[in-house]
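The values are calculated or read from the model by the stated rules, or taken from the named source; none is laboratory data. Just so it is clear, the structure is predicted and the values come from calculations on it, not from any experiment. Cβ coordinates were reconstructed from backbone atoms using ideal geometry, including for glycine residues, and neighbour counts include every protein chain displayed. Remember, those area values only see protein heavy atoms, side chains included, never the ligands or the DNA or RNA. Shrake-Rupley method; radii C 1.70, N 1.55, O 1.52, S 1.80 Å.
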Amino acid sequence: MDFLYTYETLKLEFPLVEPESADFIIVGVPFDGTTSFKAGARFGPTLIRHATLNLESYILDYDIDIAELPIADIGDVAVVAGDPRKTADRVRETIEEIKRANPSALPILLGGEHSQTLGAVEALKPKSYVVFDAHLDLRDSYEDNPHNHACVARRISELGVKEAMFGIRSGTKEEVEFAEKNGIRWVHARDYSFDAFVDLVSSLPDPVYLSVDIDAFDLSMVPSTGTPEAGGLAFWDVVEAIEWLAEKKRIAGFDIMEVAGEGLGDPTALTAAKLLFYFIGAVAKFGR
Ligand SMILES: N=C(N)NCCCCNCCCN
Ligand SMILES: [Mn+2]
Ligand SMILES: [Mn+2]
């Protein structure tokens, strides 16, 4: 089928299916416009797809070959350069198109700046937002822009979506106070454990939107992300949480955001690609 705003780009190398018959529909959002430190998020989706060339589609510990699963890749959303809100509108419309074409498919966004998660959440209308991130992203505005990537969790909370955050190690006093006032619970990266995750997420209503800002991981694994932070989570921390979510919760949508870099084979994209494969594998293995 044709989507209004997407164009074809590099695709995953294993057999793909049409969106109408897919269980998973991948779409890239190469938006790079509000990050204050390092550029390169516009290359995130392409770098992730390229990084998948390095990976086996067979997942050893699941005994599942994700190349045998019905996965579609509809390419990238044509961004409106410099305008995160207009680009997120296109993301929202694209995900609405996906849901019309195939209501039971699980959309997977690859980014690109975290600001674009808002469009996916607006389209999918989850009751809860579970996010792995180094940052609270609860600013009302940053650098005069309410759609800066540092504001995305604030915008999502204003939609009435319940939020829980993990891997946090950066924020302002105002953000902490906003979280407290609004019942937004978060776990510092220092205090992260699987039990802490289950403790917060168990009571959240379905369906859940799961967002992984790649900077939740320790910067040694994701050196090219736009605003890297030391002291982050380990790969298996996030995989274990995804397995639990796949089994216990209804997942409305998933994204891997803030992947960036200038060169093929960047470790940041290799981390994201491996996580993408584990997410798809975990939903197939543990999902209902
Ligand atoms: N969500 C994000 N990625 N937020 C990052 C905000 C940038 C904070 N710079 C602080 C600089 C203080 N000198
Ligand atoms: Mn972040
Ligand atoms: Mn973020």
accessible surface per residue for the stretch 41-99, probe 1.4 Å, DNA/RNA/ligands not counted, whole Å² -> 42 Å²
Taking a crude spin-label model, label points 7 Å out from Cα along the C-beta direction, the residue 206 to residue 17 distance in nm is 2.1 nm
In nm, the gap between the two label points placed 7 Å beyond Cα toward Cβ at residue 188 and residue 7 is 4.6 nm
Excluding residues fewer than 8 positions from residue 38 in its own chain, the lysines with Cα under 25 Å of it are 86, 173, 274
Among GluC sites (Glu not before Pro) in the stretch 198-266, those in a DSSP loop whose Cβ has at most 11 other Cβ atoms within 10 Å are 262
Using alpha carbon centers only, the stretch 76-108 is separated from the stretch 131-150 by a whole-angstrom value of 20 Å
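As an exercise, identify the trypsin sites (Lys or Arg not before Pro) in the stretch 214-276 lying in DSSP coil whose Cβ has no more than 16 other Cβ atoms within 10 Å. Mind showing how you got there, number by number?
On the way: sites: 248, 249, 250, 274; in loops: 249, 250.
Taking the stretch 214-276 and a limit of 16 other Cβ atoms within 10 Å, the loop trypsin sites (Lys or Arg not before Pro) found are 250.
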Counting every C-alpha pair in the stretch 6-286, the percent lying more than 34 Å apart is 8 percent
Counting only protein heavy atoms and leaving out ligands, DNA and RNA, the solvent-accessible surface of residue 176 at a 1.4 Å probe, in Å² to the nearest 10, equals 50 Å²
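Please express the shape of the stretch 7-118 as an equivalent ellipsoid: the semi-axes are the square roots of 5 times the eigenvalues of the C-alpha gyration tensor, given largest first in whole angstrom.
Ellipsoid semi-axes (Å, largest first): 25, 18, 11.
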Toy charge model, Lys and Arg Cβ at +1, Asp and Glu Cβ at -1: the chain dipole around Cα centroid in debye, rounded to 20, equals 580 debye
